[in-house]
Structure formats: C-alpha cells, structure tokens
C-alpha cells in the first residue's frame, strides 16, 4: 500500500497538493525596473518561497536570460520580458487571473 499525503488525504502518487497551491489566490506581480548602468530588470513577486528556486531556473531557461532570487520572495531576470511573462507563467500551471503585469 502506498503512503497517504497528510495534506490532501490521497495516495502520494495521486497527490494534488501542488496543483491546489498553484490555483490558490496568490497574486503574482510582474514589473520592470532600472538596475545598475541603466539596465532593465524584470521582477516577479508573489511566487511561493518553497517553489521559487525551481521556478526561477525554469524561467531563465525558457526566456534564455540570466537572473537571481532575492530574499526568497522575488525573482529578478535580466532584460525586459513583461510581454512574454504571462504566457510563460500560465504554462507553469498558475491561473491567468492571478497574474498582474504592470
């Protein structure tokens, strides 16, 4: 018999906790700012801190850019990626209505 998830009560192989967490009412804010030497940086706030490293890695791979995680609360990507960001984040399983691109 397989193990049971303590959160959702389903067997571990059928666990839906990660899907439910992504559909929670977290508002993800995407905006740009100027960094050193007038370089543009895209900032993403509102990603859960336990997933932030994996999501940052995936965003850097999909957008072919560099970036970093600051204070376990926001992701900074090199360059202006606001126009592509909503589609990429929706492709990762987050709801489109929870993403605010400013």
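The values are calculated or read from the model by the stated rules, or taken from the named source; none is laboratory data. Note that the structure is predicted; figures quoted are calculated from it, not measured. Note: ideal-geometry Cβ built from the backbone for every residue, glycine included; neighbour counts use all protein chains shown.
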How about region 64-80: which of its residues are at pLDDT below 95 and at negative phi?
70, 73, 74
If residue 45 satisfies every condition in (1) under 27 Å from residue 20 (Cβ atoms); (2) in contact (Cβ under 8 Å) with a residue 40 or more places away in the chain but one, which is the exception?
(2)
Please give the number of the condition residue 4 fails out of (1) farther than 23 Å from residue 96 by Cβ; (2) in contact (Cβ under 8 Å) with a residue 60 or more places away in the chain.
(2)
Residue check for residue 99: under 27 Å from residue 17 (Cβ atoms) and modelled with pLDDT of 95 or more:
no
Boolean, residue 68 is within 17 Å of residue 101 (Cβ to Cβ) and either crowded, with 16+ Cβ neighbours inside 10 Å or under 13 Å from the mean Cα position of the chain (by Cα) (or both)
no
Scanning region 39-62 residue by residue, those farther than 19 Å from residue 26 by Cβ, within 13 Å of the chain's Cα centre (by Cα) and surrounded by 17 or more Cβ atoms within 10 Å (Cβ to Cβ) turn out to be none
Out of all the residues in region 24-38, which are closer than 25 Å to residue 96 by Cα and exposed (fewer than 13 other Cβ atoms within 10 Å of the Cβ)?
24, 25, 27, 33
